[in-house]
Every structure is written in C-alpha cells, then in structure tokens.
Amino acid sequence: MIKKILISACLFLSLVSYSQEGTSSPYSFYGIGETKFSGTLENRSMAGLSIAQDSTHINLQNPASYANLRWTAFAIGGSTNKTKQKTATESGSAQKTTLDYLALGIPMKKFGAAFGIIPYSSVGYRIQNNTTDDTQNNKRFNGWGGLNRVFLGFGYKITSNWNVGVNAYYNFGKIQTNSLEFIPYVPIGSRELNIATLSGMNYNIGMMYKTKINKKLSLFSGVYYTPSSTLKSENTRNIETVSYNSSFDLQVVDTLAVQISKKDLKLAQKWSFGAGVGDSKKWLVGAEISLQDVGELANNYNALDNVVYGKNEKYSIGGYYTPNPSPYSNYFKRITYRGGFKYEKTGLIINSQSINDVGMTFGAGLPITGSLSNVNVGLEIGKKGTTNAGLVQENYFVVNLSFSLSDKWFVKRKFN
C-alpha cells in the first residue's frame with residue numbers, strides 16, 4: 001500500500017510539471033486555450049462516449065459511474081500528438097507529448113468516490129513571420145500554460161438501475177503570452193509579455209440508468225450537467241523595448257510600468273446526453289450529444305474584433321467489443337476493441353469561419369494476465385480548422401497510452 005501511494009504521488013508531481021504546454025495549436029491563443037478531453041482513454045477511444053458502466057474502471061466524465069466501482073481503480077494516461085498545420089500557401093508540423101490524467105477510484109458499497117487531477121485547457125503555440133519585405137515588420141508570437149483541475153467526486157447507487165453523482169473541481173493555472181516585433185533597419189524592437197493567473201471552483205452532477213431489455217441485451221443511458229461558473233483572472237502586462245546582442249540574446253533596453261488588472265471570465269453551462277444498447281461484458285454501441293452555451297473567455301490580451309465565440313456542440317458515436325471476456329479464454333479474445341467517430345463545433349469563430357473538429361478514434365484494452373488490470377492503447381485521426389479566410393487547418397494523429405490498475409485495497413488482513 002505504501003509503495004502504491006508513493007508511486008501515485010510521484011506520478012502526480014510528474015503530471016503537474018508536464019501539463020504546462022499540452023498543445024501546439026495556434027487556435028490555443030484564443031480564450032483560455034484549447035479545451036482538452038476530460039476523461040480516460042477508455043472513453044476517448046469511443047469518441048468520448050461516457051455511458052458504459054464498469055466495476056473496475058473509472059469514468060471521469062459522469063460522476064454517477066463511481067457507484068459502480070467494486071475494485072479500487074488507479075488510472076493514469078498520456079498521449080503523443082503529431083500535427084501537420086497548413087495554410088493556403090505554407091505548411092509546417094509540430095509534436096507534443098503530455099500526461100493527460102491521474103485518478104484514483106474507491107468503492108464504498110453503495111457509494112463510490114474518486115479524486116485526481118486532469119487538464120482542462122492548454123496553450124502552446126509559436127508563430128513567426130521572418131519576412132524579407134522591407135515594408136513589413138518581423139513578428140514573433142508564442143504562448144504557453146493552461147488550466148488544470150483537481151477534483152473530488154462521489155457516486156451513489158439509488159437502486160440497482162439508478163446512479164447519481166457529483167464532482168467538485170478546483171481550477172487553477174497560468175497562461176503566458178509573448179509577442180515580439182522589430183521594424184526593418186531599426187535595431188530596437190518592442191516586446192509585450194502577458195501573464196494571466198487563473199483560479200475558480202465549479203462542479204458537475206450526473207445520473208446513469210441501466211435496465212434489461214431481454215436476457216442478453218441491456219439499455220444504457222447517462223446525463224451530466226455542469227452549471228456556469230466564474231473563473232478569476234489576475235493579469236500582468238509588461239511592455240519593453242528590446243534588442244539583440246552579438247550572441248543574438250535578447251536584451252531589455254527599457255521597461256514601462258507594469259500594468260496589473262483583474263477580470264472575471266465565465267465558463268458556460270454544459271449538458272451531455274447519451275444512450276446505447278449492448279451486453280455490458282461483451283459489447284456496447286451508443287451515441288452522445290454534448291451542448292455548451294457561449295462563455296465569456298476573451299481576456300484583456302486576446303480580445304480581437306475578428307473573433308467571436310458561439311455555442312460548443314459535440315456529437316459522438318462509439319462502442320466496444322470483447323470477443324470472450326472469460327479469464328480462461330484465449331488472450332486475444334479477452335482484448336477489448338474500441339472505436340468511435342466525433343464531430344465538434346468548438347464554438348470558436350474567426351473571420352466568420354467556424355473552427356470545427358472531425359475525427360475517428362480506435363483503441364484496445366490489453367488485459368494483464370492474472371489481474372483485473374489492463375494496458376490501454378489508442379489512436380486518434382482527425383482534422384481541425386480550415387484554410388479558408390487565411391486560417392490554419394490542422395491534420396492530427398494522436399497515439400494514446402494508459403494504465404488502468406484494479407485491485408482490492410483497504411482490506412483488513414485475516415492472517416498475519
């Protein structure tokens with residue numbers, strides 16, 4: 001037990017250290033960055049489908065699922081994202097490797113509890129236009145950081161068919177943006193550094209329902225709701241004149257007085273509905289819809305006239321299949337295969353163009369022999385954005401890896 005706790009603590013610290021730049025998308029400049037998927041790889045491999053009820057795995061999206069736990073479940077996951085970015089005339093590529101979540105679920109008879117940490121949004125971009133045109137300025141922009149959330153949740157089984165649950169979140173993080181501009185033939189340029197320190201609390205509530213249709217077929221459904229909440233932002237702006245020395249190191253020439261301000265941002269309310277059919281031990285097919293209202297996420301440093309925010313809409317279809325879940329069957333028949341398709345309107349509208357995300361997901365749960373634990377691998381292929389109106393299209397390929405470790409913890413020994 002002590003070893004497990006120490007390992008968990010080390011992984012927790014690793015997650016915090018890696019979560020500062022989890023994307024390479026230029027669209028992460030806007031609002032509070034690119035919103036991350038708030039669930040485990042098992043759900044992500046089904047395009048975000050969250051209706052599955054499991055006694056050995058954590059479902060972080062719907063807290064009602066915690067009441068289904070019968071084994072203590074530890075989950076950690078990470079991903080590598082390779083992106084090809086292109087405009088109408090140019091192209092480039094980027095790659096990021098991040099830790100995505102860390103969580104522990106604990107069964108308590110009719111109750112279940114879970115806690116952990118998971119990123120909510122990430123900022124990470126580097127853009128420059130080193131032009132040879134004497135009439136245009138050389139500009140460089142980069143940003144990093146994001147919003148993380150620590151959560152504590154409880155689920156309760158009202159009846160054998162009905163579960164309810166609630167998650168409480170503490171959101172925290174820091175976003176930094178740096179812009180640098182030089183005029184041709186002028187040795188001194190200008191730099192603006194913005195730092196936004198974010199904090200706030202919110203919660204979500206969920207419900208899950210499962211019932212038998214016949215001896216082999218069951219109906220699964222779930223809904224969860226996140227009310228709107230306030231995210232406080234303490235902003236610091238530094239404006240400086242700078243130059244490069246002979247070693248091309250940036251040197252500060254002069255600094256204006258630091259500007260400090262505060263702004264309340266709004267995380268919009270969100271609804272998610274899902275339903276599906278299947279045999280919980282062997283297969284499931286379902287669909288889910290998530291709807292989020294318009295938030296107020298533009299801060300003092302990134303409020304632009306050509307950018308507006310709309311409603312976020314996400315549509316997912318997915319499922320899983322296990323040929324033979326018996327622990328005595330052939331190993332390859334015990335592998336759980338997952339897949340899904342998603343279409344999302346991110347709510348970001350630039351130059352009158354809606355930034356949409358379309359993708360397909362695949363995954364496999366590889367059982368660890370002699371236990372209820374498994375290693376999960378996943379692939380995600382998709383496209384985000386457009387090359388219209390001078391914008392950037394991102395074609396991405398994501399490789400995911402996670403560990404779901406299930407065991408009986410906190411059991412009193414009968415023999416020493």
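The values are calculated or read from the model by the stated rules, or taken from the named source; none is laboratory data. What you are looking at is a predicted structure, and each value in this text was computed from that prediction instead of being measured. A quick note on method: Cβ atoms are made from the backbone with ideal geometry, for glycine too, and the neighbour counts reach across all protein chains shown. Remember, those area values only see protein heavy atoms, side chains included, never the ligands or the DNA or RNA. Shrake-Rupley method; radii C 1.70, N 1.55, O 1.52, S 1.80 Å.
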Qualifying positions in the range 51-69 - under 12 Å from Phe111 (Cβ atoms) and not polar (S, T, N, Q): Pro63, Ala64, Tyr66, Ala67, Leu69
Yes/no for Arg126 being surrounded by fewer than 22 Cβ atoms within 10 Å (Cβ to Cβ), part of a strand (DSSP E or B), in contact with a Gly (Cβ under 9 Å, 6 or more places away or on another chain) and basic (Lys, Arg): yes
Any chance Glu240 is of a type outside the set (Ser, Thr, Tyr) and either crowded, with 16+ Cβ neighbours inside 10 Å or over 22 Å from Ser122 (Cα atoms) (or both): yes
Tabulated pairs, the range 337-362, first within 30 Å of Asp305 (Cα to Cα) and open to solvent by 60 Å² or more (accessible area, probe 1.4 Å), second at pLDDT 95 or above and β-branched (Val, Ile, Thr), C-beta under 7 angstrom, 6+ apart or interchain: Tyr343/Val358
Residues within the range 38-58 that are farther than 18 Å from Gly276 by Cα and buried (at least 24 other Cβ atoms within 10 Å of the Cβ), tallied: 4
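Within the bounds of the range 176-188, is there any residue that is among the small types (Gly, Ala, Ser) and either free of Cβ contacts under 8 Å to residues at least 40 places away in the same chain or farther than 20 Å from Tyr30 by Cβ (or both)? Please lay out each step first, then the result.
As a first pass, look at the range 176-188 and keep what is among the small types (Gly, Ala, Ser): 179.
Still in the running and either free of Cβ contacts under 8 Å to residues at least 40 places away in the same chain or farther than 20 Å from Tyr30 by Cβ (or both): none.
So far as the range 176-188 goes, no, none of its residues is among the small types (Gly, Ala, Ser) and either free of Cβ contacts under 8 Å to residues at least 40 places away in the same chain or farther than 20 Å from Tyr30 by Cβ (or both).
For (1) within 28 Å of Leu348 (Cα to Cα); (2) assigned to a strand (DSSP E or B); (3) not small (Gly, Ala, Ser), each residue gets a yes or a no:
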| position | (1), (2), (3) |
| --- | --- |
| Leu231 | yes, yes, yes |
| Asn235 | yes, yes, yes |
| Asn238 | yes, yes, yes |
| Thr241 | no, yes, yes |
| Gln251 | no, yes, yes |
| Ala257 | no, no, no |
| Ile260 | yes, yes, yes |
| Lys266 | yes, yes, yes |
| Trp271 | yes, yes, yes |
Wholly enclosed strands (runs of 3 or more DSSP E) of the range 299-416 bearing at least 2 residues modelled with pLDDT of 95 or more and on the phi < 0 side of the Ramachandran plot: 312-321, 336-350, 353-367, 374-385, 393-407
Test: Gly286 is in contact with a Ser or Thr (Cβ under 8 Å, 6 or more places away or on another chain) and either open to solvent by 70 Å² or more (accessible area, probe 1.4 Å) or within 15 Å of Ser50 (Cβ to Cβ) (or both): no
Qualifying residues in the range 224-275 (those that are closer than 30 Å to Gly165 by Cβ and of a type in the set (A, V, I, L, M)) - the one farthest from the chain's Cα centre (by Cα): Ala275
Members of the range 168-202 found to be closer than 20 Å to Lys263 by Cβ and more than 21 Å from the chain's Cα centre (by Cα), listed by number: Asn178, Ser179, Glu192, Leu193, Asn194, Ile195
Filtered residues of the range 220-237 (kept if touching a Gly at 6+ places or on another chain (Cβ under 8 Å) and open to solvent by less than 60 Å² (accessible area, probe 1.4 Å)): Phe220, Ser221, Gly222, Val223, Tyr224, Tyr225, Ser229, Leu231
Criterion violated by Thr135 - all others in (1) at pLDDT 90 or above; (2) among the hydroxyl-bearing types (Ser, Thr, Tyr); (3) open to solvent by 10 Å² or more (accessible area, probe 1.4 Å) satisfied: (1)
Check on Ser17, modelled with pLDDT under 95, within 18 Å of the chain's Cα centre (by Cα), hydroxyl-bearing (Ser, Thr, Tyr) and over 30 Å from Tyr225 (Cβ atoms): yes
Out of Asp305, Asp279, sole residue that is acidic (Asp, Glu), closer than 30 Å to Ser373 by Cβ and surrounded by fewer than 15 Cβ atoms within 10 Å (Cβ to Cβ): Asp279
